[in-house]
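Student: Handing you a structure now.
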Amino acid sequence: GSLQRLVMERAVLPFGELWVASVDTEVVGAALWMHPDRVPHPAVWSSMSAETAALEGSRHDASVMAEEMLAFLKPVTRHYYLGAVGVVPADQGRGIGAALLNPGLRRADDESVEVYLETATDSNVAV
C-alpha cells in the first residue's frame, strides 16, 4: 500500500535494493533489502514521520508502541534487513519467493553477516 510505497521511495531505493521477479512481462514478486553499509540517516526516517502517522491513521500509536517494545530484538551488529518480500497469490508455491531471497541470503553468508526479518507469521521463516 501507500506506506510501503513511501518507505520504498525514500529509504529502500536510495539506500537499499529492490529485487523483482517477473513472469513474461508481469511483475509477480518483490523483495526489499536494506544493505548494512548504506543505512538511511535518521533524518530520512524523521522526514517521513508525519506522512507515516497519516497513513497509519488510528493504528499509529500501536505501531509506535510495537516499535518501542521490539527495539531490543533488533541487531546492533552489521546486518542485512529484509524489509518485505511477497509474491502474488496466483504465483505462490512455485519457488519465486525463494528465488528472490536466495541471492541476498547467499551474499550475507559469504560476508558472514546476519539477516534480520520482522514477521508475525511462523511460516514466513520457513525459507
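Student: Being more than 27 Å from Val87 (Cβ to Cβ) and either open to solvent by less than 70 Å² (accessible area, probe 1.4 Å) or among the hydrophobic types (A, V, I, L, M, F, W, C) (or both) narrows it down to one of Val23, Val12, Val44, Val7, so name that one.
Tutor: When all the criteria are applied, what remains is Val44.
Student: Now for a separate question. Looking at the structure I just gave you, is Leu32 surrounded by 13 or more Cβ atoms within 10 Å (Cβ to Cβ), under 15 Å from Trp19 (Cα atoms) and touching a Leu at 6+ places or on another chain (Cβ under 8 Å)?
Tutor: yes
Student: Looking at the structure I just gave you, is Ala71 in contact with a Gly (Cβ under 9 Å, 6 or more places away or on another chain), open to solvent by less than 80 Å² (accessible area, probe 1.4 Å) and of a type in the set (A, V, I, L, M)?
Tutor: No.
Student: Could you give every pair whose Cβ atoms fall below 6 Å, whose first residue belongs to region 72-91 and is closer than 16 Å to Ala11 by Cβ, and whose second residue is modelled with pLDDT under 90, counting only separations of at least 6 or pairs across chains?
Tutor: Every condition considered, the pairs that remain are Leu82/Leu117.
Student: Another question, if that's okay. Take the residues in region 62-88 that are in a strand (DSSP E or B) and of a type in the set (Val, Ile, Thr); name whichever of them is modelled with the lowest pLDDT.
Tutor: Among those that are in a strand (DSSP E or B) and of a type in the set (Val, Ile, Thr), it is Val85.
Student: Residues of region 41-61 being at pLDDT 90 or above and either outside any helix (DSSP H, G or I) or in contact with a Gly (Cβ under 7 Å, 6 or more places away or on another chain) (or both), which ones?
Tutor: Met48
Student: Evaluate region 37-55: report whether one residue or more is of a type outside the set (A, V, I, L, M) and more than 21 Å from Leu3 (Cβ to Cβ).
Tutor: Yes; the residues of region 37-55 include at least one that is of a type outside the set (A, V, I, L, M) and more than 21 Å from Leu3 (Cβ to Cβ).
Student: Are any residues in region 22-47 farther than 23 Å from Val113 by Cβ, in contact (Cβ under 8 Å) with a residue 40 or more places away in the chain and small (Gly, Ala, Ser), and if so, which ones?
Tutor: Gly29
Student: Turning to a different aspect of this structure: Filter region 1-40 down to the residues that are among the polar types (S, T, N, Q) and not in a strand (DSSP E or B), then identify the one that is modelled with the highest pLDDT.
Tutor: Per the stated criteria, the residue is Thr25.
Student: Just to be sure, is Glu51 acidic (Asp, Glu) and open to solvent by less than 40 Å² (accessible area, probe 1.4 Å)?
Tutor: no
Student: If I ask for residues that are closer than 16 Å to Thr77 by Cα, open to solvent by less than 30 Å² (accessible area, probe 1.4 Å) and either among the basic types (Lys, Arg) or part of a helix (DSSP H, G or I) (or both), which ones from region 103-118 would you list?
Tutor: Selection gives Ala108 alone.
The values are calculated or read from the model by the stated rules, or taken from the named source; none is laboratory data. What you see is a predicted model; the values in this text were computed from it and never measured. Cβ atoms come from the backbone with ideal geometry, glycine included; neighbour counts cover every protein chain shown. These accessible areas exclude ligands, DNA and RNA; they are computed on the full protein's heavy atoms, side chains included. Shrake-Rupley method; radii C 1.70, N 1.55, O 1.52, S 1.80 Å.
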